[in-house]
Structure formats: C-alpha cells, structure tokens
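Here the structure comes first, spelled out in structure tokens, and everything after it is commentary.
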Amino acid sequence: MPVENSRIKGLYKQTVQERLKLVAKAAGLTDEHVQALSNHGELDDVAADRMIENVIGTMSLPVGVATNFVIDGKHYLVPFCLEESSVVAAASNMAKRCLGHGGFTTNNDEPVMIGQIQLLDVEDFEQATTNILQAKHELITFCNDVPSRMIALGGGCKDLEVRRLNTHMGSMLVVHLLVDCRDAMGANAVNTMAERVASRLEALTGGRAHLRILSNLAGHRLARVRAVFTPEEMASDGSREDGLAVIQGILEAHAFAVEDPYRATTHNKGVMNAISSVALACGQDWRAIEAGCHAWTTMQDGRYTSMSKWSQTSEGNLLGTMELPMAVGIVGGASKVHPAAQANLAILGVETAQELAGIILCAGLAQNLGALRALSTKGIQAGHMKLHAKNMAVSAGAVGDEVDALAARLQAYEGHRTQTMVEAWLEELRQG
C-alpha cells in the first residue's frame, strides 16, 4: 500500500542512513528491502550473471526519493534512479505546488500491448485480409490456448488488426495481436504468441511470415495525468500577481516547445528525466518506454512536439496534462530479480501495473514543470548549480569536510563557476 503521508519535512537535511530509516518506516519496508538499498543497490555476481551476458561487474547510480506526491487521493514516495542533480528536488517541489486542488489525477488504459507479424510475398491483399478477419476468433483462441497465469487472470489476446503497408521494398501485410498483459510488461508473452500464430497466418494468406515481435509503441496502453496549479502555488512570494507572471512565462516556454522540434527535444528530455529515472528504479525497460514516448509525440499531426500540454483555466490556474504510452509491469523481469527494484516498488506500494504507469507519468509532468518554471524565471543553472556544487567539489578532489566547505563557497559565489576555480579553492583551503 502507498504511504500515509508523502510530505517528509526536511528530508534533504538528513544523512543517507537517516533518510533510509524515515522512508523505511513510512513505507513499511522489510529488513531485506532496507538491506538491498543499504548495499547501494549492488547485485552479487551470481544475480548479475543471470541478467545479461559476459558480466564483469556492476555499476551503481544514486536512488533518491521524491516527496509530496498525492495521486488519485493517495500519498506516494517516489524513487528516482539517476545521476543528474536537481531532478528529485524539482519534482518534489512541483508536486507540493498542486496540493490545493488535490494533487495529480490519472486515467489509464487497460494494459494492452501490440504483437506484430510481418507477412511478405502476399499476392492478393484483399483476400488475405478477409481470410484473417474471418478467422479472427479462431486465431485469438489459438493464441490463448496455452498454460498462462496472465490468461488465467483475465489477460491474453483480445483482438486482432490487419494493415497493408507500402514500403520501398514493396507492399506487405502486417497483423497486430492486441494482448492484455495484466500486471506484466508483456514482452515475452506477446512475442511467444506472435511466433506461435505465424504459421497459421501464412496458411491463411499464402504469404511468408518474417518478423514476429511486439511493438514498443504501446498505443493501446496509454497513461494520462492531469494537475492544476494555482497562481499562489506557482508564485515565488505567494502572491497571486507574481504567480500569474510565472504562469505566463511557463506558457510562453511551452509554446516554444510545441512549435520547435529543437526545443521540444530538450523539453521532453526533462519529462524523461523523471519517467526514465522512476522506471529504472523500479526495474522497468526504460529504453522501451523512452522509444514509445518519443514516437507517440509524432502520432498526432506527424511532427515532433511537446509531450506535455500546459494551458491556463478561466480562473487563472495553470493546467498541466500529459498522455503517453506506458508499458510497465510489476511481475516478471528485473522488477522481480533486482533486490533494489523490489525495494523501490515496495516504497511505492503499488498493486497494479496501471497504478505504476500513472505514478511514472505524474513524476514526468512534475519534473517538466520544474524545468519550465526554472527556465522561465531565474534560469535553469541557479538551482542546478546549487545542487551540483558538491559534485564539483568532489571532482576537484575534495574529501570529508572539504566537500561541504567548497560547496558552501560555490553557492555563495555569484560569478561564473568553473572546475578550475574550484580546484584552486581546494588548494587554498589545504594551504590554510
């Protein structure tokens, strides 16, 4: 179950171990979950060797917890796994700014994935299509006629579509299997069905089945999020006048991303800063999610544009929405193999894949707003460099108390900050 309260005041002021204790208590983590996170999320050699080939070691990335998320009336602590500073802080900050209207609301499709079978050398496309559609129910039954927990829980192949595709190598027939994957991401189940049914499609069409694999453009598995931010919540000083000015700046920045693919790419990278990070923390195939999200932005009018939509309501509030394909699972894959992924899912307390999809999208919208607000007010570097100061100190060779001393000096410095300058400061510090 989700946590009772996602608002942990002063979490950033605690030590790593103190934070872990607070989160473990709030989320009711087991000793095994705590141990997995305490071990920096590292896999042992045996577990790592099961996951990929030619394993020689592992590599750690930080896991941080974003606070203040209220989604569909429930509180969530949201784990992020990434190397970039300011992302977790920005998402937490923006999540707190929409609480006046109840936080985020989500609306997610059923977890349906597409399996594609490419049929070549088809002579009569019209007849082939007719044959497939007439045999639809038989083909669906055949796909589902296997021992499967997913099917037993109400999932499985639910429908079938046929498309004719004209390419530079000639026309081909493409069959889509629409498979309800329940709480799995579904790649293995979908691929198995596509391969199993291929020979029957060949017999029905007289064609040759070539590729048989799922699509990572999960257009039937969309997640949607909506959030409202008042001018007072968006303001730097709490005033409505300042908040309205901030909202105007955000809308102007968003218009840039809507119309210009060069800006949209960076704008959407900010969205994915959260989506990919939460997905990675929870053991998801974040590369598939990224591919699907970027592809989806071109599906509306054939051009690359903003993933998010921002507008102003008649009351003057800022309204943010987003709709993206979100193929995630809480059974199978790394989510059940990696101890840290299991611990992060326990922090979220999710009970279904659809719930996880909605949370991930909320994190993406919050992070996008954090970037837009920073860019349209004081600039992105002010907050980023404040949190990046310790990284610069460590990169200069600082250790122990030297890190905090240099970071404090950097934060107070109003000029242009360079790594060379920090190295010089470290030398001064050590010389007394």
| task | Report, by residue number, each residue of the stretch 136-190 that is among the basic types (Lys, Arg) and at pLDDT 95 or above. | result | Lys136, Lys158, Arg163, Arg164, Arg182
| field | Matching option when the condition is closer than 24 Å to Ile359 by Cα and either of a type in the set (A, V, I, L, M) or in the same structural domain as Leu348 (by TED's automatic domain parsing) (or both), among Thr30, Thr15 | value | Thr30
| Yes or no: Phe104 in the same structural domain as Leu365 (by TED's automatic domain parsing), over 21 Å from Asn216 (Cβ atoms), surrounded by 13 or more Cβ atoms within 10 Å (Cβ to Cβ) and among the aromatic types (Phe, Trp, Tyr)? | yes
| field | So His75, is it modelled with pLDDT of 95 or more, within 20 Å of Leu345 (Cβ to Cβ) and not hydrophobic (A, V, I, L, M, F, W, C) | value | yes
| the stretch 325-341, residues that are assigned to a loop (DSSP other than H, G, I, E, B), at pLDDT below 85 and within 20 Å of Ala223 (Cβ to Cβ) | Gly332
| task | Look at Ala291 and say whether it is at pLDDT below 95, part of a helix (DSSP H, G or I) and either touching a strand residue (DSSP E or B) at 6+ places or on another chain (Cβ under 9 Å) or among the aliphatic types (A, V, I, L, M) (or both). | result | no
| query | Which condition breaks for Val55 when tested against (1) surrounded by 18 or more Cβ atoms within 10 Å (Cβ to Cβ); (2) farther than 18 Å from Ile347 by Cβ? | reply | (1)
| said: Residues that are in a loop (DSSP other than H, G, I, E, B), over 27 Å from Lys74 (Cα atoms) and of a type in the set (S, T, N, Q): does the stretch 16-33 have at least one? | reply: no
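Each row is one residue, and each column tells you yes or no for (1) closer than 30 Å to Asn317 by Cα; (2) not basic (Lys, Arg).
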| site | (1), (2) |
| --- | --- |
| Lys21 | no, no |
| Asp31 | no, yes |
| Asp49 | no, yes |
| Phe80 | yes, yes |
| Met94 | yes, yes |
| Gly102 | yes, yes |
| Thr106 | yes, yes |
| Asp124 | no, yes |
| Leu133 | no, yes |
| message | Would you confirm, using the coordinates I've provided, whether Ala279 is in contact with an Asp or Glu (Cβ under 9 Å, 6 or more places away or on another chain), farther than 25 Å from Met234 by Cα and assigned to a helix (DSSP H, G or I)? | response | yes
| task | Could you tell me whether any residue of the stretch 396-411 is on the phi > 0 side of the Ramachandran plot and modelled with pLDDT of 90 or more? | result | yes
| note | Of the conditions (1) among the β-branched types (Val, Ile, Thr); (2) in contact (Cβ under 8 Å) with a residue 12 or more places away in the chain; (3) under 27 Å from Gly370 (Cα atoms), the single one that Thr15 does not satisfy is (2)
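Okay, residues lined up against (1) assigned by TED's automatic domain parsing to the domain that holds Gly358; (2) closer than 22 Å to Ile132 by Cβ; (3) under 23 Å from the mean Cα position of the chain (by Cα):
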{"position": "Leu177", "(1), (2), (3)": "no, yes, no"}
{"position": "Ala187", "(1), (2), (3)": "no, no, yes"}
{"position": "Met193", "(1), (2), (3)": "no, yes, no"}
{"position": "Arg196", "(1), (2), (3)": "no, yes, no"}
{"position": "Leu201", "(1), (2), (3)": "no, yes, no"}
{"position": "Ala209", "(1), (2), (3)": "no, yes, no"}
{"position": "Val225", "(1), (2), (3)": "yes, no, yes"}
{"position": "Met234", "(1), (2), (3)": "yes, no, no"}
| If Glu351 passes every condition in (1) closer than 30 Å to Gln431 by Cα; (2) assigned to a loop (DSSP other than H, G, I, E, B) but one, which one does it miss? | (1)
| task | State whether the residues of the stretch 307-323 include one that is buried (at least 23 other Cβ atoms within 10 Å of the Cβ), modelled with pLDDT of 95 or more and within 20 Å of Cys81 (Cα to Cα). | result | no
| said: Please list, ordered by residue number, the strands (runs of 3 or more DSSP E) wholly in the stretch 36-128 having 3 or more residues that are over 27 Å from Tyr12 (Cβ atoms) and not β-branched (Val, Ile, Thr). | reply: 112-120
| message | Quick check on this structure: which one of Ser92, Ser86, Ser60, Ser38 is surrounded by 16 or more Cβ atoms within 10 Å (Cβ to Cβ), modelled with pLDDT under 95 and not hydrophobic (A, V, I, L, M, F, W, C)? | response | Ser86
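The values are calculated or read from the model by the stated rules, or taken from the named source; none is laboratory data. These figures come from a predicted structure and were not determined experimentally. Reconstructed Cβ throughout: ideal geometry from the backbone, glycine too, with neighbour counts over all protein chains shown.
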